[in-house]
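What follows is a set of notes on a single structure, which appears directly below.
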Amino acid sequence: MPIKTAPVALITGASSGIGLAAANLFVERGWRVAATMRNTTDGAALAEHEQVVVLPLDVTDTASVERAVAATLEHFGRIDAVINNAGYGLFGPFETATDEQVRRQFATNVDGTFSVIRAVLPSMRKQGSGTIVNVASLGGLMTLPFFSLYHATKFAVVGFTESLSFELAPLGIRAKFVAPGVVATDFSGRSLARTFSDGEHAYGGTLPKVMSAMDMRRGNYSSAESIAEIIFTAATDGSDQVMYLAGQDAEQIFVLRQTLSEAQRLEMVRQHSGL
Ligand SMILES: NC(=O)c1ccc[n+]([C@@H]2O[C@H](COP(=O)([O-])OP(=O)(O)OC[C@H]3O[C@@H](n4cnc5c(N)ncnc54)[C@H](OP(=O)(O)O)[C@@H]3O)[C@@H](O)[C@H]2O)c1
């Protein structure tokens, strides 16, 4: 495909993990890519590709979102796919979360997605085409203890995306979400904020039980590259499918979620979480 006519993807949070893997994959498949990130020095390797522009974008800063979208349109002339990937987790008791932690979690995972979509829609509407892929989570379809605020954001993204898909389809624009299970990225390290301090184990010993169950499950992860493949499929398959489960764990757990009674499902989560 000649580079000048190749389709264009704008990706948020392209500095690491799933966003970086997606940027590399879209480039490999011949797309032009606006790889956006908070700190553009993290994009030095991506910037070496002729068909990549690395742009600053903090999803919590609407002006920076608008600037990045305008710069992408200026540079490439169009945007065919937007991958709303930027996000992080918040773990711990809901009760001990500060207002600021709650605000930031929603500002990043939910409002950030809204801002990017609002900024790209006018150009997609003019084109009469485009695909929006929101990176939600299996945690937007089912829950684990002590992730209530993260789940609240990802359930929001799932419901928002499905509703949006109906209203955009007549305009030729698709809205989809990808729901990964557990992925081997920095997510559980630098991208997992906590509502409690080290050594502060509240909730009658429940929190340490859940934490050690999480530790025991470490290692059974999908790769960021395999999730990027599913994002690419969602962006390019031309179908009306809205939900893309990503990873064997996501597929298996979702089937259980559909087939178990509520009592069985809640018991499964308790057992899985060491409760
Ligand atoms: N890993 C998993 O198990 C998993 C499972 C399901 C869903 N997800 C979702 O996948 C997405 C990517 O996470 P990941 O696993 O790839 O973790 P990651 O490697 O830590 O990547 C998170 C990305 O989000 C960016 N980001 C955070 N806040 C931002 C902001 N305000 N503006 C712009 N970018 C921001 C980070 O940028 P900086 O480099 O600037 O911090 C980083 O690029 C998230 O939405 C996450 O919820 C992950």
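Taking the chain as a Gaussian network, where each spring joins two C-alpha atoms under 10 Å apart, which residue of Pro122, Pro145, Pro180 fluctuates the most?
Its mean-square fluctuation being the largest, the pick is Pro122.
On the accessible surface of the chain, probed at 1.4 Å, how many percent belong to carbon and sulfur atoms?
53
What does the stretch 5-74 give for Rg and for Dmax, in Å, if only its C-alpha atoms count?
10.9, 31
With viscosity set to 0.890 mPa s at 25 °C, what whole-number translational diffusion coefficient in µm²/s follows for the stretch 132-205 from Stokes-Einstein and a Kirkwood radius over Cα pairs?
Diffusion coefficient, whole number: 172 µm²/s.
Quick one: helix 148-168 against the long Cα principal axis of the chain, what's the angle to the nearest 10°, folded into 0 to 90?
Helix 148-168 sits at roughly 40 degrees to that axis.
With a 1.4 Å probe and every protein chain left in place, work out the accessible area per residue of the stretch 1-134 in Å², rounded to a whole number.
Heavy-atom accessible area per residue stands at 44 Å².
Please report, for the Cα atoms of the stretch 53-137, the Rg to one decimal and the Dmax as a whole number; what are they, in angstrom?
According to the Cα coordinates of the stretch 53-137, Rg and Dmax are 14.7, 47 Å.
In the stretch 202-269, with Lys and Arg counted as +1 and Asp and Glu as -1 at Cβ, which of these residues, Thr233, Met214, Leu245, has the Cα nearest the positive end of the dipole, that is, farthest along it?
The listed residue farthest towards the positive side: Met214.
For the chain, what are the per-bin percents of Cα-Cα distances with bins 5 Å wide, up to the bin holding the maximum?
1, 6, 13, 17, 19, 16, 12, 8, 5, 3, 1, 0, 0
In straight Cα distance, which lysines are under 26 Å from Lys126, not counting same-chain residues fewer than 8 positions off?
Straight-line reach from Lys126, under 26 Å: Lys4, Lys176.
As a test question: what accessible area, to the nearest 10 Å², does Ile18 have when a 1.4 Å probe is rolled over all protein chains in place?
30
Please say if the stretch 186-225 is rounded, prolate or oblate, where rounded means a/c under 1.5 for a ≥ b ≥ c the square roots of the C-alpha gyration tensor eigenvalues, and otherwise the choice is prolate for a/b larger than b/c and oblate otherwise?
Oblate.
Check Phe196: other-chain or 5+ apart residues with amide H under 5 Å from its amide H, H built from backbone geometry?
HN-HN under 5 Å from Phe196: empty list.
To the nearest 20 debye, what charge dipole does the stretch 1-107 have about its Cα centre, counting +1 at the Cβ of each Lys and Arg and -1 at the Cβ of each Asp and Glu?
Around 300 debye, computed over the stretch 1-107.
Just Ala70, Ala224, Ala202 to compare: in a GNM of the chain, with alpha carbon springs under 10 Å, which one fluctuates most?
Highest fluctuation of the listed residues: Ala202.
Sticking to Cα atoms, compute the Rg of the stretch 1-123 to one decimal and its Dmax as the biggest Cα-Cα distance, whole number, in Å.
When restricted to the Cα atoms of the stretch 1-123, Rg and Dmax are 15.1, 55 Å.
Pop a pseudo-label 7 angstrom from the Cα along the beta-carbon direction at both Leu192 and Ala44 and give the gap in nm to one decimal.
Between Leu192 and Ala44, the label points sit 2.9 nm apart.
For the stretch 87-155, what log10 I(q)/I(0) values come out of the Debye formula at q = 0.12, 0.20, 0.25, 0.27 1/Å, with one point per alpha carbon and no solvent?
-0.39, -0.81, -1.06, -1.17
Suppose accessible area is computed on protein heavy atoms with a 1.4 Å probe; arrange Thr195, Thr143 from highest to lowest.
Thr143, Thr195
Can you compute the charge dipole magnitude of the stretch 63-218 about its Cα centre, using +1 on each Lys and Arg Cβ and -1 on each Asp and Glu Cβ, nothing else charged? Give it in debye, rounded to the nearest 20.
400
Got a sec to turn the phi values of the stretch 37-45 into Karplus ³J(HN,Hα) couplings, 6.51 cos²θ - 1.76 cosθ + 1.60 with θ = phi - 60°, whole Hz, x for Gly and Pro?
Calculated HN-Hα couplings, in order: 6, 5, 10, 5, 5, 5, x, 4, 5 Hz.
For the stretch 62-134, which GluC sites (Glu not before Pro) are both in a DSSP coil and crowded by at most 13 other Cβ atoms within 10 Å?
For GluC sites (Glu not before Pro) across the stretch 62-134 that sit outside H, G, I, E and B with at most 13 neighbouring Cβ atoms in 10 Å, the list reads Glu95.
Considering amide H positions built from the backbone, and no H for Pro or chain starts, which residues 5 or more places from Val53, or on another chain, come under 5 Å of its amide H?
Residues meeting the amide H criterion: Val33, Ala34, Ala35.
For a quick check: with amide H placed at 1.01 Å from N, whose amide H comes under 5 Å from Gly130's, ignoring anything fewer than 5 positions away on the same chain?
Close amide H contacts, sequence-distant or interchain: Arg174.
7 Å from Cα along Cα→Cβ at both Thr206 and Val269: what's the point-to-point distance in nm?
1.2
How big is D for the stretch 212-272, in µm² s⁻¹ as a whole number, if Stokes-Einstein is applied with the Kirkwood radius of its Cα pairs at 25 °C and 0.890 mPa s?
179
As an exercise, use a Förster radius of 41 Å and the Cβ-Cβ distance of Gln101 and Glu251 to find the FRET efficiency, rounded to the nearest 0.05.
The pair Gln101/Glu251 has a calculated efficiency of 0.85.
Hey, what number do you get for the chain at 222 nm if only DSSP H runs of n ≥ 4 count, each worth -39500 (n - 2.57), divided across all residues, to the nearest 500?
-14000 deg cm²/dmol
Calculate, for Arg67 and Ala169, the FRET efficiency according to 1/(1 + (r/R0)^6) with r their C-beta to C-beta distance and R0 30 Å; round to the nearest 0.05.
0.55
Which ³J(HN,Hα) values, rounded to whole Hz and listed in residue order, are derived for the stretch 76-86 from phi using the Karplus coefficients 6.51, -1.76 and 1.60 in 6.51 cos²θ - 1.76 cosθ + 1.60 with θ = phi - 60°, glycine and proline given as x?
Once θ is set to phi - 60°, the couplings for the stretch 76-86 become 10, x, 6, 9, 9, 9, 10, 10, 8, 10, 4 Hz.
Convex hull volume of the Cα atoms in the stretch 59-200, per residue, in Å³?
114
Given Cβ point charges of +1 (Lys, Arg) and -1 (Asp, Glu) and nothing else, what value in debye, to the nearest 20, does the dipole of the stretch 113-201 about its Cα centre take?
That gives a dipole near 420 debye.
What whole-number distance in Å separates the alpha-carbon centres of the stretch 65-104 and the stretch 1-29?
So the two Cα centres are separated by 17 Å.
The values are calculated or read from the model by the stated rules, or taken from the named source; none is laboratory data. The structure presented is a predicted model; accordingly, all values stated were derived computationally and were not measured. No Cβ is skipped: glycine too gets one built from the backbone with ideal geometry, and neighbour counts run over all protein chains shown. The protein model used for the area step is the full one, side chains on, heavy atoms only, and it has no ligands, DNA or RNA in it. Shrake-Rupley method; radii C 1.70, N 1.55, O 1.52, S 1.80 Å.
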